[in-house]
Amino acid sequence: MFNSSSFSTISNSPVVDIIFLTFNRLYYTKITLPVLLNSSDNNSFKIYIVDNGSTDGTVKYLKTLNHPRIEKIIYNKKNKGLVQPTKQFWKESNADLVGKIDNDILVPKNWVEKLIDAHLKIPQLGVCGYCHFRGEDYNKVAVSQKVEDINGVYIRRQPWIGGNYIMKRSTVLNNKGYRQSRKLFQKRILYGFNKYQETLAKNGFIHGYLCDENNSLYTWDHIDDPRHPFFFKDEEYYKIRNMTEDDIIKWYKKDAKELLVNYR
């Protein structure tokens, strides 16, 4: 049951908790996690790491870490997917804001401060993040013309923005309904966070990609892209995905056009 009246403000110095999930792909975790841990000077920004039964040395690597930003590391004996660990994280956290960063995302410096500011200024802001699409995959002029100024925050509003974000914890506590979905993709699991966002949007929440004052998208560096220099071709992983490198690129380009240019 969704509660559209649950828009809320947060304290001027909000606590932020981010979940970072791992399942193998140690080659990406070693690149992205250190950057994430050192991406902000905000002392209220903490990381919860959840490993889903990795067998490639990820657990051994995580046990070597000693960083003040790491709040907790959970070692699951098996792969529990995305939904269950995320909902448990939401339940256990006491933060004002919660979010998720994938282990194939390189975050820029001070990204969290910009997203905190957006949530401080927009009570009805739902899921907000940076854009993971490459600039070459969309028409920047067309996108800039669809950016909205909401209380001094520039946003390309979307029905959903994918899996890297920050949102108010009160939103997930007051609005249930996030669950796993296996629809649309025959051999791959589509998790239900996009559907959850769509329902939130219908009830008045605003989701979107954050932009600068020139209406240009702030972006993550998505390294699990065949065009990226840090891309790692794991044959077993791509058997599971059942996609070639060309398929992946075409998928990214199609999503970029549909979401950033064609939507609304």
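Say the cut-off is 24 Å between C-alpha atoms; which of Lys77/Lys114; Lys146/Lys176; Lys30/Lys121; Lys46/Lys168 go over it?
Numbers: Lys77/Lys114 36 Å; Lys146/Lys176 30 Å; Lys30/Lys121 35 Å; Lys46/Lys168 15 Å.
Too far apart for the 24 Å limit: Lys77/Lys114; Lys146/Lys176; Lys30/Lys121.
Might you report the magnitude of the Cβ-based charge dipole of the stretch 16-262 about its Cα centre, with Lys and Arg at +1 and Asp and Glu at -1, to the nearest 20 debye?
It comes to approximately 1000 debye.
Write down the percent of antiparallel bridges among all DSSP beta bridges whose residues are both part of the chain, to the nearest 5.
45
Work out, step by step, the length gained on full extension between Glu235 and Ser44: first 0.36 nm times the residue separation, then minus their alpha carbon distance; give nm to one decimal.
Length gained between Glu235 and Ser44: 64.8 nm.
Test of understanding: in a Gaussian network model of the chain with alpha carbons linked when under 10 Å, which of Val141, Val15, Val107 would top the mean-square fluctuation ranking?
For the chain, modelled as a Gaussian network with Cα springs under 10 Å, the answer is Val141.
As a check on your grasp of the helix formula, calculate [θ] at 222 nm for the chain: sum -39500 (n - 2.57) over DSSP H runs of n ≥ 4, divide by the residue count, round to the nearest 500.
On the way: 9 runs with 78 residues, N = 264.
Helix contribution divided over all residues of the chain: -8000 deg cm²/dmol.
So what's the gap between the Cα centers of the stretch 1-78 and the stretch 204-218, to the nearest angstrom?
Their Cα centres are 24 Å away from one another.
What nm value, rounded to one decimal, do you get for the distance between Asn139 and Tyr61 when each label is placed 7 Å out toward the C-beta?
4.0
Each value in this text was obtained by applying a stated rule to the coordinates, not by laboratory testing. Note that the structure is a prediction, hence the values are computed from the model and not measured. All Cβ positions, even for glycine, are placed from backbone atoms using ideal geometry, and neighbour counts span all protein chains on display.
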